[in-house]
1. Using only protein heavy atoms and a 1.4 angstrom probe, determine the accessible area buried between A and B, summed over both sides, in Å² to the nearest 100.
2. Hey, with R₀ at 45 Å, roughly what FRET efficiency would B:TRP349 and B:THR311 work out to, going by the Cβ-Cβ distance, to 0.05?
3. Just to check, using Stokes-Einstein with a Kirkwood Rh over alpha carbon pairs, what's the diffusion coefficient of the protein assembly as shown at 20 °C and 1.002 mPa s in µm²/s?
4. Run the numbers on chain B and let me know its relative contact order in percent, using alpha-carbon pairs under 8 Å that are six or more apart.
5. In the Gaussian network model of chain A, springs joining C-alpha atoms below 10 Å, which of A:VAL28, A:VAL328, A:VAL16 carries the largest mean-square fluctuation?
6. Would you compute, from DSSP H runs of 4+ residues alone, the mean residue ellipticity of the protein assembly as shown at 222 nm, taking -39500 (n - 2.57) per run and dividing by the full residue count, rounded to the nearest 500?
7. Round to the nearest 10 and give me the degree value, 0 to 90, for the angle of helix B:98-108's Cα axis relative to the longest principal axis of chain B.
8. Largest first and to the nearest Å, give the Cα extent of region B:92-231 along each principal axis.
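The values are calculated or read from the model by the stated rules, or taken from the named source; none is laboratory data. Keep in mind that what you see is a predicted model, and the values were worked out from it rather than measured. FYI the Cβ positions are ideal-geometry reconstructions off the backbone, even for glycines, and counts take in every protein chain you see. The accessibility values were calculated without ligands, DNA or RNA, using every heavy atom of the protein model including side chains. Shrake-Rupley method; radii C 1.70, N 1.55, O 1.52, S 1.80 Å.
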Amino acid sequence: MRVKEVSLMERIHIDVPLLFWVIVLSVVGLLALYSANGQDMDLILRQSIRLGAALLIMIIIAQLSPARLSRFSIWIYLGCLALLIMVLFFGDVGKGAQRWLDIKVFRFQPSEIMKLALPMVIAWYLGEKTLPPAIGRVFVALIFILIPVLLIVKQPDLGTALLVAVAGFSILFIAGISWKLLAGFFLTASLSAPALWYLLHEYQKKRILTLLNPEQDPLGAGYHIIQSKIAIGSGGIYGKGWLNGTQSHLEFLPERSTDFIFAVFCEEFGLMGVLVLVCIYLFIIARGLYIAMHAQQLYGKLLGAGIILTFSVYIFVNMGMVSGQLPVVGVPLPLISHGGTSMLTIMAGFGILMSIHTHRRLL
Amino acid sequence: MALNITIKDLDLETRLIYQRIYLASAFVLLVTLLIVTRIFYLQVTQHEHFTTLSQSNRIKILPAPPARGLIFSSDQVLLADNRPTFTLEVVPEQVDELDSTIKRLSEIIAIEPGDIRRFKELQKKKRRFEGIPLKFNLSDEEVALISVNRHLFPGVDVATRLNRHYPLGRDLSHTIGYVGMIDEAEFEKLNKSNYSGITHIGKSGVEKAYESLLHGYVGYRQVEVNAQGRKIREIGRKPPEPGKNLYLTLDASLQTFVAQSLEGKRGAIVAIEPATGAILASVSSPGYDPNLFVNGIDKASYNELIQSKATPLLNRFLRGKYPPGSTIKPFLGLGALQHRVRDSVDETWCRGWYSLKGSTHRYRDWKKEGHGHMDLLNAVSQSCDVYFYSLAHDLGIEGIHQSLTDFGFGKPTNIDIGNESAGLVPSKQWKKEKLGQPWYPGETLITGIGQGAVLVTPIQLAAATAAMANRGRLVRPYLLSEVRDSITGQLMIRTTVREDRQLVSAGDEHWDTIIESMREVVHGNRGTARATGAGSEYEFAGKTGTAQVITIAQDEEYKEEEVPEEFRDHALFIAFAPIERPEIAVAIIVENGGSGSSTAAPIARALFDHYLGTPGQVRVSSN
């Protein structure tokens, strides 16, 4: 047996390729944000501080071994569930929905933590026995998914509920549940969609209708889609240049620095910029999948793949929504959009990936 | 062999996961391709189209804020209106150096640091092309000064805005509440597209409770702008839909009268129409001028309000909790009759004090020498404490709890503007849960005269008095009478009796006894408030109350003049009139006002005279 040299970075549990691309992406994000927000240096400073904090959390999480994470999974999940229930009773009502829990020092959304806690608990649960999972275990995993999802729907926050569900299902998929079951889920979901329509809040229905007919709500979501498409389309192949986007700077484009920042990016950097950005994302996804495939424990494989798949779904949903293919559901573009909470979850997820990769026993 | 199988299984497992990861990768690539195709379609295929749109994208949609609905009293007096005022506005987008511009402006007209702070706050919430108010209520002179120097200040303009104004000022402060600048927390919760261009929101009272009716719907103007974003012409518009006008149950003339009768005192008065629960007047004194809050109150005035010992910002009629004192006696008397603990003819001998068997502690009557033989009628009208100690002892704390909660004490009245205290009706269970202590028999006695742990709010006391006038029918107090369209004046909503429950069911003869005893309070020869009832043209029923704020020791004497003001007794009075067909029920509390009969009762008489004695005035109809 040959002892392989362990580099410094591996000793402090950092995966260099992942860190590199995350930093590149963050820098691109800051550039886009600077332009989107009317060149407000204060804001960039604040976002940089948040970014630094998120990176720190990523590194801290990377220090915890997957074995330890696995042992804690169920407790993190249960704790998060308790927080979600507390939100229903004591939550702050933000934007007409109860999502925030106020704990004196800061406010946070437990549903955001659930985006990681749910895949963790399912990976732990399914990883205990050999795969593919028996039907009974799939059923239990489904219950793990349904409880938080229903609690989040009740807040009501349909977008996050869907993303949490995606995070859970991605683990089930990787764990190799049979195609028959998958088809069954898909069928049930599409059949219950019309029934779900009646459960939707008025504003949620409106958003879906708006996608079909943007002119209907010129002050609200329809205006967003119209202006966003103009921004993207007028960018052309090479873009209007950094800080030169007219759509954004003449204030036609709403939510420029948050959910619709991709439109600003498209306008200023054009198709070429989009291709570069998509490539950066693909590098990160590829690295994540590589880490998952080389994980030694089942838990690491499942969780690693699940985290990176959920990450890609965020990207697709945001880009799809900004380019007018999906309803406006309020999903930020990972590591580019302005805002703290979602960035923190994503970085924490990367921390787990790094932990999986750097805690391998070297043979 | 067994080892082999395990390894094989692991191998199978790994292959399965690999297979799924490959599939997932394929899915990622496919969706990426779809998105890139879509972007390609927009940016290359449709590029010309969107470039044209972008260049002709000179149409901005500007919000057109609706006018807030007006608030009227039942006698058609305007309680809240919108006055045009001149406001200095700055459009940040059109100003190069914001700070220096503000500095130069302050050389022309006075701009307070508070104005600048508010401006910076608002700036965070508004789009850069929206005008942000820097200073409100410009004087004519200031308007002229700015107009003359206009050319020096691009992006600075004088705008006419509608400003909320409350003509009755402090007389109505707690009831109607006020609007104020939208703060960070409120902004989070708002429907932003329906509040674009809006700076104010209801903060308390009616203004807050009926925000959604008063606010209306934001319209918009489609405006053509040039490349710098300046307006060229208006293309189209959707007019805003103004807020609804509200008509309250309040009688403005009574409200003002009541507010003035509490002038210089601390306390609260609520007057209710018993048949419906319509609130005719509700005053908490001292009040404050709601107009101060509309555009942000200055620090000095606010500190003065906050630090004042008289707590003018406290809404006493909804959130003031007071020991009810003897005003509780009619309710307990009825409870005793209803639960057959007492009959109307049962007598108790009052020798000036009462003590429990096996105890030497003397629970004293307010009348040292005692009242002698007392039946229920006399015990209420002369407010005999000994009779009620004994009654309370026989009824027991659970019986007292039942009787009081039947009349709505100890829980919110569910008044439509909300934000009220529940008060407190003690019970064995309550004491065990809250204090972890057992209930002592002596506590039952003092609860029987409205002292000890029991606390009521003025609105509860008024609602219970109304229920007494209704012979047990409990109505929910409310303020909103009608909602009308502000343009056509068309009636949209009319409040009918909100809630109407027969909660206290007792025989007619019991009601007769209690109401007669309350009549004796003001019209009887020995009634505690006989001076107040003298010479009235109508008959009314009442009950005085004098609630101790401090405990007087066994052998101590309470001398009003020797006690510092904040420890003097609270004066209370409840009453309804006329007895035959009650039109008004009141609860009056004057903090540290001394005795109920000398301080609170005369206010009720004056109030009744005012309300019943002015024929022909518009009243909230009970039908």
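1. Details: alone 18000 and 30700 Å², together 44120 Å².
Chains A and B together bury approximately 4600 Å².
2. Numbers: r = 44 Å, r/R0 = 0.97.
Plugging the Cβ-Cβ distance into 1/(1 + (r/R0)^6) gives 0.55.
3. Working: Rh = 33.4 Å.
This corresponds to a translational diffusion coefficient of 64 µm²/s.
4. Numbers: 1247 pairs, mean separation 85.5, N = 623.
Once normalised by length, the contact order is 14 percent.
5. Among A:VAL28, A:VAL328, A:VAL16, the largest GNM mean-square fluctuation belongs to A:VAL16.
6. Values: 36 runs with 480 residues, N = 986.
Estimated from H runs of four or more residues: -15500 deg cm²/dmol.
7. 60
8. On the principal axes, region B:92-231 reaches 46, 34, 23 Å in Cα extent.
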